[in-house]
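Just so you know, all these numbers are worked out from the coordinates, no wet-lab data involved. What you are looking at is a predicted structure, and each value in this text was computed from that prediction instead of being measured. With ideal geometry, Cβ positions are generated from the backbone for all residues, glycine too; neighbour counts draw on all protein chains shown.
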């Protein structure tokens, strides 16, 4: 939902405009989050509790209540409601941001939140940035660097991940780390790559992952940066060689072929705002 995106990047106004005239518990939960972004903490909490009276598992209402409780200084309750939100809706990554903020100065608590967040959503540059900022606030630059490095390994084509890694390397003063991050960022910016889904591999044993550098003005296709099985790869190569020998135009794998549908399942080229989204207003 577009309204969800606006709320994730801290823009309550556009979200409310999209929700105007709509009803239902899902809409009410989103409106509660928008109220929180406007600094209307009491109204947001009341709206969230009203939704939860009818549906205790409504993720947006849980997230709004978590943010409201965090803003009121009730860290334990905020963390509990945020944990419920991500348990019901694992993609509600802002819940991990609330839990990270609620951890205060506790390194073990932030460590647990970070591990859970990266296990659930290892290819999210915005979430990684929120977590890295919490580690920096505790003076743990090395943990921020390690976190950012993990994101680049999970999603080698994610520009926001490499940007964060470069920033953290520079903060640490590690020139070798910074050089590696700069090279990775440059490669990510000029290559189109399909990062595999997190979790168990979707690629059968023996298949390969081939990021393809783009030339100026070229248009990337799913087939150009896919995980290709060796059998299909060899068959296509043989056909291309034969076609070239006969003066024919070599064929390419169609975008919607059965093999590409089975191989390419996810892309992480999502827009990421540079600013950290507001989670709660004091």
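Within the stretch 35-69, the set of residues being over 20 Å from residue 90 (Cα atoms) and under 23 Å from the mean Cα position of the chain (by Cα) comprises 36, 37.
The rows are residues; the columns are (1) surrounded by 24 or more Cβ atoms within 10 Å (Cβ to Cβ); (2) in contact (Cβ under 8 Å) with a residue 24 or more places away in the chain; (3) touching a helix residue (DSSP H, G or I) at 6+ places or on another chain (Cβ under 6 Å).
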{"site": "28", "(1), (2), (3)": "no, yes, yes"}
{"site": "45", "(1), (2), (3)": "no, yes, yes"}
{"site": "63", "(1), (2), (3)": "yes, yes, yes"}
{"site": "82", "(1), (2), (3)": "yes, no, yes"}
{"site": "85", "(1), (2), (3)": "yes, yes, yes"}
{"site": "89", "(1), (2), (3)": "no, yes, yes"}
{"site": "102", "(1), (2), (3)": "yes, yes, yes"}
